[in-house]
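Everything on this sheet refers to the single structure shown next.
The values are calculated or read from the model by the stated rules, or taken from the named source; none is laboratory data. These numbers come from a predicted model, not from an experiment. Using ideal geometry, Cβ is built from the backbone for each residue, glycine included, and neighbour counts are taken over all protein chains shown. Ligands, DNA and RNA are stripped out before the accessible areas are found, and what is left, the full protein with its side chains, is counted by its heavy atoms. Shrake-Rupley method; radii C 1.70, N 1.55, O 1.52, S 1.80 Å.
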Amino acid sequence: MSFIINVSEEQILPENRFLVIDSLYTFEFPKTVEQLNKNRYPNTSDEEFELIKQEFESFVRENNNPNLISVGNYKSYADIHLPKVYEIIFDLHNKERFWKQKTIIKYAYNYRDVFHPNLWQGHSSHLIIEIIGKPPILFEELPINHKRDNKNKTVIGICSESDWEIIRKKSIF
């Protein structure tokens, strides 16, 4: 017997409320809603699938948005409903490198092809994010598709402005 425990953001200590972005992902943007595969949602009711389909249709309409970036997220800190807005982007290894810049986590995939409108605590995801304005140089320093070498040590954190000072003071690594 297994139990599913939903952990909301409010249950997480502020110093742990940040997402980790560890890679850029190559990504072919979906062209039509027909690319959403119902078979990948066996435990989803028809009503729930229709809501996912509506989210996916919004996603398809954004295919010309130049501010969207495809990234890898390492283990979400909580169950998070999308879209989710954050205001701080920082280098996990050097928190003196940070930017106040609006970042919206818009869409997510799990298991490579399961599109979903939320993040699940403890799961890594492929995210489509929107950065308002020019992305910080940190994004240029990320490895592509997790192909990390000695030169690619950058790992990005994103968090809310209200949690930033607490996260900034905490030793993460």
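What whole-number value in Å² describes the accessible area per residue of region 3-155 for a 1.4 Å probe?
Details: 8910 Å² over 153 residues.
Per-residue value: 58 Å².
Taking the Cβ of Glu47 as the center, what net charge do the other residues with Cβ under 15 Å away carry, scoring Lys and Arg +1 and Asp and Glu -1?
In short, -2.
Label separation (Glu141 vs Val7): 2.8 nm, computed from points 7 Å beyond Cα along the C-beta direction. The alpha carbon centroids of region 1-76 and region 106-132 are separated by 3 Å.
Remark: spin-label model distance Lys153-Val33 equals 4.8 nm, labels positioned 7 Å along the Cα→Cβ axis. In this structure Phe18 has an accessible area near 30 Å², from a 1.4 Å probe over the protein heavy atoms.
Quick check: at a probe of 1.4 Å, how many percent of the accessible area of the chain sits on carbon and sulfur atoms? Write down the numbers at each step before the final one.
On the way: 5170 of 10220 Å².
After summing per-atom areas, the C and S share lands at 51 percent.
Which of the following values of Rg/Rh (Cα atoms, Kirkwood Rh) was calculated from the structure shown: [x] 1.06; [y] 0.97; [z] 1.00? So the calculated entry is the one marked [y].
Along its first, second and third principal axes, ordered by size, region 65-143 spans 33, 28, 23 Å in Cα coordinates.
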